[in-house]
Amino acid sequence: MTPTSTTSTEEPARTRPRVEGEREREILEATLEALVEHGYDKLSFDAVAATAKASKATLYRRWPAKVDLVVDAMQLMLGVEADRAPDTGDLRGDLIAQACAKGGLADDRPIRVFASLMNSMQREPELHDAIITRLIAPKMAAAVRPFRAAQQRGEIGDSADLDTLARLLPAISIHEAMLTGSHPSQDRLVTLVDSVVLPACAATLQRD
């Protein structure tokens with residue numbers, strides 16, 4: 001008698017679809033485009049999916065909430081995960097190299113993207129906290145490193161407030177960008193380094 005064959009009723013384990021590599025980059029780039037065009041409040045998974053030619057379900061599996069998608073896109077734009085302080089041997093060279101790097105102050109895209117988020121950040125604590133924790137804090141930590149190295153070389157006084165010194169260049173350049181609607185040129189950033197940041201650093205030596 002031939003044994004009766006049986007068919008297993010167990011379904012194979014389903015794996016969660018992964019979005020990575022170039023496909024992930026395409027989706028995140030589409031998110032940045034949609035942010036600049038529509039702003040955070042009107043940004044939708046539908047718009048991003050249509051631009052990136054991806055299914056909305058795929059986006060939701062990878063990024064459960066809009067804030068997750070937006071912050072990941074901004075990390076790509078700013079290069080946060082790979083952020084390393086330059087080491088040119090002096091503070092002036094480090095600051096100029098850092099400002100002109102991808103996602104730096106000479107890059108106009110971050111200014112436009114952040115401008116699209118300002119109002120929403122004030123209204124939505126989750127968005128505000130995510131951007132501060134995952135974007136601003138790592139960028140500021142990277143911004144302080146050249147000043148700490150300069151302090152060790154004797155270019156900055158031992159009692160100097162490095163956090164405040166590190167905020168001078170971004171504060172002035174971003175303020176000007178918001179007022180004029182255009183990002184600072186490399187020449188303007190060099191002028192700010194030479195006329196504001198370096199004199200402020202030199203003044204800390206006189207106080208010690």
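The values are calculated or read from the model by the stated rules, or taken from the named source; none is laboratory data. On a predicted model such as this, the values are computed, not experimentally measured, just so you know. Positions of Cβ are backbone-derived with ideal geometry, glycine not excepted, and every protein chain shown enters the neighbour counts. Surface accessibility is based on the protein's heavy atoms, side chains included, excluding ligands, DNA and RNA. Shrake-Rupley method; radii C 1.70, N 1.55, O 1.52, S 1.80 Å.
List of remarks:
- What the phi angles of the range 190-200 give under the Karplus curve with 6.51, -1.76 and 1.60, with θ = phi - 60°, is a coupling list of 4, 4, 5, 4, 6, 9, 10, 5, 5, x, 5 Hz, glycine and proline written as x.
- Most positive-pole-ward Cα, Leu127, Gln151, Thr31, against dipole of the chain from beta carbon charges: Thr31
- Couplings for the range 116-125, taken from phi via the Karplus curve 6.51 cos²θ - 1.76 cosθ + 1.60 with θ = phi - 60°, read 6, 10, 4, 5, 5, 4, 6, 9, 10, x Hz in order; Gly and Pro are left as x.
- Calculated from the structure at hand, log10 I(q)/I(0) by the Debye sum over Cα atoms at q = 0.11, 0.13, 0.14, 0.15 Å⁻¹ is found among [x] -0.51, -0.69, -0.79, -0.89; [y] -0.62, -0.80, -0.89, -0.98; [z] -0.45, -0.64, -0.76, -0.89 as [y].
- Taking the chain as a Gaussian network of alpha-carbon nodes connected by springs under 10 Å, the highest mean-square fluctuation of the residues Gln122, Gln75, Gln98 belongs to Gln122.
- Per residue, the chain exposes 58 Å² of solvent-accessible protein surface, assessed with a 1.4 angstrom probe and all protein chains in place.
- Electrostatic tally near Ser182: other residues with Cβ closer than 14 Å to its Cβ, Lys and Arg +1, Asp and Glu -1, net -1.
- ³J(HN,Hα) computed for each position of the range 170-181 - Karplus, 6.51 cos²θ - 1.76 cosθ + 1.60, integer Hz, glycine/proline x: x, 5, 5, 5, 5, 4, 5, 5, 5, 6, 8, x
- Packing-based order for 103-116, 190-203, using average beta carbon neighbours within 10 Å, highest first: 103-116, 190-203
- Set of lysines with alpha-carbon distance to Lys102 below 25 Å, sequence-local pairs under 8 removed: Lys66, Lys139
- Carbon/sulfur fraction of accessible area - the range 124-208, other protein chains in place, 1.4 Å, %: 57 percent
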